[in-house]
């Protein structure tokens, strides 16, 4: 619908297209929208994190989700290294009784990042946040759903690079049908394609030296992220 035209304009703006005339016009989009049956239409909002234009709409969506959720939150993302504020809001949501689940990569194409991520498992488990590792392939999906009402999907990862220094674009949908459909799909993935990380199997698979290595990876990547995003966090 209309969001596709906005997406088209955003992409042209980012890439600085040299084409003088738009391939698509607003009239083209309106004709397409009018051809979609009313019962199939859903409201969509495009949200961005763009350090050039000082936009942090996706980060704000996640913080609002942590603040406003009353029943359940499900997040799937490939590189999960939340900063202090995100961790604080996550733990506050759990303390309110919000069931919170995180689907993360099992196999990874960036093993140092995966070891750093696993260093946070102890914190997640202590805060009663459920962890699932996706087993089928390397995970690249980024989606979040809460309370069977809201969902967002796009390029945003829960880490400081996405929050402060990348150009990220997500679609936000407030619609019960879409949210429930997304929750059901994630439920199937959890059931069929994931391994649940429990305090027992996490402890049994992690010895002292592995924990030291995970901590080293976490500190290294965290420091690199902080260094890389320091300027943008001051703005």
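The values are calculated or read from the model by the stated rules, or taken from the named source; none is laboratory data. It should be emphasised that the depicted structure is a prediction, and the values quoted were computed from it without experimental measurement. Cβ atoms come from the backbone with ideal geometry, glycine included; neighbour counts cover every protein chain shown.
Things to note:
- Residue within segment 97-105 that is within 16 Å of the chain's Cα centre (by Cα), surrounded by fewer than 21 Cβ atoms within 10 Å (Cβ to Cβ) and in a helix (DSSP H, G or I) present: no
- Taken over segment 111-142, residues that are touching a residue at least 12 places away in the same chain (Cβ under 8 Å) and either crowded, with 19+ Cβ neighbours inside 10 Å or part of a helix (DSSP H, G or I) (or both) amount to 20.
- Considering segment 155-202, the residues that are in a strand (DSSP E or B), surrounded by fewer than 18 Cβ atoms within 10 Å (Cβ to Cβ) and touching a helix residue (DSSP H, G or I) at 6+ places or on another chain (Cβ under 9 Å) include one that is modelled with the lowest pLDDT, namely 167.
- Residue count for segment 45-93, restricted to those that are in contact (Cβ under 8 Å) with a residue 60 or more places away in the chain and part of a strand (DSSP E or B): 13
- For the condition in contact with a helix residue (DSSP H, G or I) (Cβ under 9 Å, 6 or more places away or on another chain), more than 24 Å from residue 174 (Cα to Cα), at pLDDT 85 or above and surrounded by 14 or more Cβ atoms within 10 Å (Cβ to Cβ), residue 108 qualifies.
- For segment 14-28, the set of residues classified as modelled with pLDDT under 70, out of contact with any helix residue (DSSP H, G or I) (no Cβ under 9 Å at 6 or more places or on another chain) and either closer than 21 Å to residue 163 by Cβ or outside any loop (DSSP other than H, G, I, E, B) (or both) consists of 14, 15, listed by residue number.
- Qualifying residue in segment 145-153 (condition: out of contact with any strand residue (DSSP E or B) (no Cβ under 7 Å at 6 or more places or on another chain) and on the phi < 0 side of the Ramachandran plot): no
- For residue 114: the one exception among (1) within 24 Å of residue 200 (Cβ to Cβ); (2) at pLDDT below 95; (3) in contact with a helix residue (DSSP H, G or I) (Cβ under 8 Å, 6 or more places away or on another chain): (3)
- Taken over segment 73-104, the residue count meeting the criterion of being under 20 Å from residue 182 (Cβ atoms), at pLDDT below 95 and in contact with a helix residue (DSSP H, G or I) (Cβ under 7 Å, 6 or more places away or on another chain) is 1.
- Residue ID - modelled with the lowest pLDDT, chosen from residues in segment 29-44 that are over 23 Å from residue 149 (Cβ atoms) and either in a helix (DSSP H, G or I) or in contact with a strand residue (DSSP E or B) (Cβ under 9 Å, 6 or more places away or on another chain) (or both): 29
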